[in-house]
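Below: one structure, written as structure tokens.
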Amino acid sequence: MIFRYQGGCRALRSPGPGAAQNEPRIVTSEEVIIRETLLPVTLQCNLTSSSHTLMHSYRTKNGVELTTTRKNASNMEHRINKPRAEDSGEYHCMYHFVRAPKANATIEVKAAPDITGHKRSENKNEGQDAMMYCKSVGYPHPEWIWRKKENCVFLDIYNSSGSFFIINKENYTELNIMTLQITEDPGKYECNAINSIGCVSVLTVLRVRSHLAPLWPFLGILAEIIILVVIIVVYEKRKRPDEAPDDDEPAGPMKTNSTNNHKDKNLRQRHKLSTTYNLFRFLKTVAT
């Protein structure tokens, strides 16, 4: 049997001669490989013969039923207008019969892997654990390979490589590094996804800080306070002392000089407070 396919003709698969006569016969389109051209793709299934009454039919992708595809029809067609890697997978045509086992056929839609999620960078402290991951779309499910850049060359990482622990689950992979060492673990890590159609890779940069890094803000503030106290002490020591009153001066002038000295003292205190406040603001500005 031949179906029209994207303006041309395409031959369809048919069951082998060894199939039992009472079993349903389903003809499907061939597998599809998604390329970068983004041409529309049509998947077709046709129940050509069956000795049982058809109850309903529908399509699934990777085991999940596609919405709005359930109907009572022997011929099913599914069109992908702009096929991408996320559209790849196993498509099944499912036929359910009255008082008879269901029948199905599979069409594989293949695509090179495309990594859709990963960490561009990871920042950790020495002694902590780090986790980097990649997830992808594409079919068949990729083989995952992690590499680390050493002396301008990317070297493969294995589960037995010291503190590295790798978890692979179909379209997801995870690289765990236990008890980070600041002299060994920082660097560029490459996540590679490979299947029979193509491959792709992305980089994650791991940075490891000293275990004293969380104390640096506190030490900076403490240093500011110490500097401020030292400056105030030096200022007080170099401050001009108040002039002592002369014993030969009469009582009247003594009162006037005392009043003037009191005013001068208040002015000096205000000036000192203003200078200290401005100095503190300057130090805060420099620190930030």
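The values are calculated or read from the model by the stated rules, or taken from the named source; none is laboratory data. Just so we're clear, the structure is a prediction, and the values are computed from it rather than from any experiment. Cβ: placed from backbone, ideal geometry, glycine included. Neighbour counts: every protein chain shown. Accessible surface areas use protein heavy atoms only, side chains included; no ligands, DNA or RNA. Shrake-Rupley method; radii C 1.70, N 1.55, O 1.52, S 1.80 Å.
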message: Once you place label points 7 Å from the Cα toward the Cβ at ILE194 and GLU65, how far apart are they in nm?
response: 4.1 nm
query: Applying the Karplus parametrisation 6.51 cos²θ - 1.76 cosθ + 1.60 with θ = phi - 60° to the phi angles of segment 83-94, what ³J(HN,Hα) value in whole Hz is obtained for each residue in order, glycine and proline being reported as x?
result: x, 10, 4, 5, 8, 6, x, 9, 9, 10, 9, 10
- prompt: Residue by residue, what Karplus-based ³J(HN,Hα) values in Hz, rounded to whole numbers, does segment 97-105 have, using 6.51, -1.76 and 1.60 with θ = phi - 60° and x for Gly and Pro?
  reply: 10, 7, 6, 7, x, 6, 10, 8, 9
- prompt: Using 17 Å as the cut-off for backbone N distance, which residues of segment 99-137 belong to the label zone defined by a point 7 Å from the Cα of PHE165 along Cα→Cβ?
  reply: 127-134
Accessible area of segment 57-148 divided out per residue, in Å², using a probe of 1.4 angstrom: 51 Å²
message: What does the charge count around SER196 come to, taking other residues whose C-beta lies under 12 Å from its C-beta (Lys +1, Arg +1, Asp -1, Glu -1)?
response: -2
Positive minus negative residues near ASN46 (Lys, Arg vs Asp, Glu; Cβ under 10 Å): 0
- request: Set the Förster radius R0 to 41 Å, insert the Cβ-Cβ distance between ALA100 and HIS141 as r into 1/(1 + (r/R0)^6), and round the FRET efficiency to 0.05.
  value: 0.80
message: Can you give me the distance in nm between label points at ARG79 and SER121, each placed 7 Å from the Cα along the Cα-to-Cβ direction?
response: 4.7 nm
- line: 1/(1 + (r/R0)^6) with r = Cβ-Cβ of VAL153 and GLU36, R0 = 35 Å, i.e. FRET efficiency to nearest 0.05, evaluates to 0.70
- line: Env charge @ MET132, Cβ radius under 14 Å, K,R +1 / D,E -1, value +4
- line: In nm, the gap between the two label points placed 7 Å beyond Cα toward Cβ at MET55 and ASP114 is 3.8 nm
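How large, in percent, is the carbon and sulfur part of the accessible surface of segment 69-189 at a probe radius of 1.4 Å?
Details: 2940 of 6610 Å².
Looking at segment 69-189 in its full context, I get 44 percent from C and S.
Give me the extension gain from GLU86 to VAL230: residue separation times 0.36 nm, minus the current Cα-Cα distance, reported in nm with one decimal. Before the final figure, lay out each step's value.
Numbers: separation 144, 0.36 × 144 = 51.84 nm, distance 6.56 nm.
Result for the pair: 45.3 nm of gain on full extension.
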query: Working out 0.36 nm times the residue gap between PHE218 and MET178, then minus their Cα-Cα distance, what length gain in nm do you get to one decimal?
result: 11.6 nm
Residue among ASN168, VAL137, SER121 farthest towards the positive dipole end of segment 78-182, charges placed on Cβ: VAL137
- prompt: Mind listing P(r) for segment 56-102? All alpha-carbon pairs, 10 Å bins, whole percents.
  reply: 24, 52, 19, 4
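Could you tell me which of rounded, prolate or oblate describes segment 103-212, using a ≥ b ≥ c as the square roots of the eigenvalues of the alpha-carbon gyration tensor, with rounded for a/c under 1.5 and, failing that, prolate when a/b is larger than b/c and oblate otherwise? Could the numbers behind the result be given before it?
Working: a/c = 2.68, a/b = 2.36, b/c = 1.13.
Taking the square roots of the gyration eigenvalues as a ≥ b ≥ c, segment 103-212 is prolate.
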